[in-house]
């Protein structure tokens with residue numbers, strides 16, 4: 001039965017990666033019904049809904065994936081980012097902030113999570129926090145020589161954009 005599950009899941013993921021989202025969605029729904037406690041299947045089902053622009057339908061699958069054991073660290077990180085981003089897309093900004101804040105705490109070195117968190121901060125009017133987070137990310141991730149040269153100043157002003165010293 002596990003071999004069958006693995007084969008069917010791999011096939012559905014392949015279809016999603018090939019851009020055949022509706023076929024993948026159909027197969028993932030069938031797998032979800034067959035294996036309702038499977039976190040990996042729930043995550044892949046959420047992902048395909050997002051790929052189809054069906055964000056509201058993706059949410060319960062993300063939630064189920066995150067509530068169940070069995071996701072790898074990378075898939076857990078992807079599910080948290082997907083759920084937070086989907087909440088933001090749906091205008092559920094406080095939930096996006098909460099989800100992405102927890103995710104960034106769990107995966108503190110992930111720049112993508114912090115970037116989506118900054119967008120969610122912006123959406124709830126936390127503009128200073130959004131800019132601080134993005135400026136800090138810029139100094140850490142940029143290979144631009146000009147950014148590197150001004151890194152100390154950018155980091156200083158990231159803490160308080162209204163500072164004049």
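Against the chain, whose longest principal axis is taken from its Cα atoms, helix 111-123 shows a tilt of about 70°. Anisotropy class assigned to the stretch 18-106 is oblate, per the alpha carbon gyration tensor with a/c at or over the 1.5 cut-off and a/b no larger than b/c.
Taking the longest Cα principal axis of the chain as reference, the axis of helix 93-106 is set at about 90 degrees.
Can you give the Kirkwood hydrodynamic radius of the stretch 104-165 from its Cα pairs, in Å with one decimal? Walk me through the numbers on the way to the answer.
Values: mean 1/r = 0.0823 Å⁻¹.
Answer for the stretch 104-165: a Kirkwood hydrodynamic radius of 12.2 Å.
Look at the Cα gyration tensor of the stretch 63-145: its axes a ≥ b ≥ c give a/c of at least 1.5 with a/b at or below b/c, and that counts as oblate. For a test of the definition: using alpha carbon positions, the gyration tensor, and the 1.5 limit on a/c, classify the chain as rounded, prolate or oblate. It is prolate, given that a/c is not under 1.5 and a/b is the larger ratio. As a proxy for reagent exposure, ranking 87, 150, 43 by other Cβ atoms within 10 Å from fewest up yields 150, 87, 43. A crude spin-label estimate for the pair residue 129 and residue 30, with each label 7 Å from Cα along the Cβ direction, gives 4.5 nm. Relative to the longest principal axis of the Cα atoms of the chain, the long axis of helix 55-67 makes an angle of roughly 90 degrees.
Where a number appears in this text, it was derived from the coordinates with a stated rule and is not lab data. Keep in mind the model is a prediction, meaning the values are calculated, not measured. Using ideal geometry, Cβ is built from the backbone for each residue, glycine included, and neighbour counts are taken over all protein chains shown.
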